1. Kindly check whether there is at least one residue in region 143-158 that is at pLDDT below 80 and surrounded by 10 or more Cβ atoms within 10 Å (Cβ to Cβ).
2. Out of Leu50, Leu27, report the one residue that is at pLDDT below 80 and closer than 30 Å to Ser134 by Cα.
3. Checking the structure you have, find out if any residue of region 5-21 is modelled with pLDDT of 80 or more and under 30 Å from Arg142 (Cβ atoms).
4. Within region 11-25, can one find any residue that is out of contact with any Leu (no Cβ under 9 Å at 6 or more places or on another chain), more than 30 Å from Cys122 (Cβ to Cβ) and small (Gly, Ala, Ser)?
5. Before we move on, is Ala4 hydrophobic (A, V, I, L, M, F, W, C), without any contact (Cβ under 8 Å) to a residue 24 or more places away in the chain, exposed (fewer than 11 other Cβ atoms within 10 Å of the Cβ) and not in a helix (DSSP H, G or I)?
6. Go through the residues of region 26-38 one by one and say whether even a single one is outside the structural domain of Ala124 (by TED's automatic domain parsing), in contact (Cβ under 8 Å) with a residue 40 or more places away in the chain and surrounded by 11 or more Cβ atoms within 10 Å (Cβ to Cβ).
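The values are calculated or read from the model by the stated rules, or taken from the named source; none is laboratory data. Just so it is clear, the model here is predicted, and its values are computed rather than measured. Positions of Cβ are generated from backbone atoms using ideal geometry, with glycine treated the same way; all protein chains shown enter the neighbour counts.
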Amino acid sequence: MKRAPLQLPSIPEQHEIIRRAQELFSLADQLEAKLTTARKVVDRLTPALLVKAFRGELVPQDPNDEPASVLLERIRAARQEEAAAGKPARRGRRKAAAHPDKAPRTAAPAHPDLLAQLLQECGALSERALLAASELDPAGFRAQLALEQGLGVIRETAEDGQVLLEAAIP
């Protein structure tokens, strides 16, 4: 090995190689941070998307479809007919009391700047988008939003005629 010629780049060329490698590592770190943020947003928006799907808000609704109230009334009438005929009632899931280990848990109180942190991660959002990303129920979201606006950690801003919310914490 001692006899094999090994050519090294000049010192200025070595410095340039190091500088470019550091730039690329920095770019990779930035891309990784953006990917992490995007994954968090997707994880929060997926449940909100499912909620919209179950409400029928993702596509235009057919006006010829019967309203849910009419369908529920038909189901109720069919059950009453079955009960009158002496048939055992068909039921869905058992109630939570039958399964105490599966009873709904009470939600923990939200962090005082939960929404502001989301806005820092995602950037300025409309109130509706922030509600979806927060995964809070609407009443809890409104209370949290009022709290954080009162604390001055969230502020409203206008962009292209649309009111957006943004984090006001450094």
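1. Our first condition is that a residue be at pLDDT below 80; within region 143-158, this holds for none.
No, region 143-158 has no match at all.
2. Working: Leu27 fails: at pLDDT below 80.
None of the other options fit; the residue is Leu50.
3. Here is the first cut: in region 5-21, the ones modelled with pLDDT of 80 or more are 5-21.
Now narrow it down to the ones that are under 30 Å from Arg142 (Cβ atoms): none.
Scanning region 5-21 turns up no residue that is modelled with pLDDT of 80 or more and under 30 Å from Arg142 (Cβ atoms).
4. Of the residues in region 11-25, the ones out of contact with any Leu (no Cβ under 9 Å at 6 or more places or on another chain) are 11-13, 15-25.
Now narrow it down to the ones that are more than 30 Å from Cys122 (Cβ to Cβ): 11-13, 15-21.
Next, only the ones that are small (Gly, Ala, Ser) stay: 21.
Looking for residues that are out of contact with any Leu (no Cβ under 9 Å at 6 or more places or on another chain), more than 30 Å from Cys122 (Cβ to Cβ) and small (Gly, Ala, Ser), one finds at least one in region 11-25, hence yes.
5. Working: hydrophobic (A, V, I, L, M, F, W, C): yes; without any contact (Cβ under 8 Å) to a residue 24 or more places away in the chain: yes; exposed (fewer than 11 other Cβ atoms within 10 Å of the Cβ): yes; not in a helix (DSSP H, G or I): yes.
Yes: the conditions hold for Ala4.
6. So in region 26-38, the residues outside the structural domain of Ala124 (by TED's automatic domain parsing) come out as 26-38.
If we keep only those that are in contact (Cβ under 8 Å) with a residue 40 or more places away in the chain as well, we get 37.
Restricting the remaining residues to those that are surrounded by 11 or more Cβ atoms within 10 Å (Cβ to Cβ) gives 37.
For region 26-38, residues outside the structural domain of Ala124 (by TED's automatic domain parsing), in contact (Cβ under 8 Å) with a residue 40 or more places away in the chain and surrounded by 11 or more Cβ atoms within 10 Å (Cβ to Cβ): present.
Rundown of residues vs (1) assigned by TED's automatic domain parsing to the domain that holds Ser134; (2) under 19 Å from the mean Cα position of the chain (by Cα); (3) surrounded by 10 or more Cβ atoms within 10 Å (Cβ to Cβ); (4) of a type outside the set (D, E, K, R), yes/no style:
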| residue | (1), (2), (3), (4) |
| --- | --- |
| Arg44 | no, yes, yes, no |
| Pro47 | no, yes, yes, yes |
| Val51 | no, yes, yes, yes |
| Glu73 | no, no, yes, no |
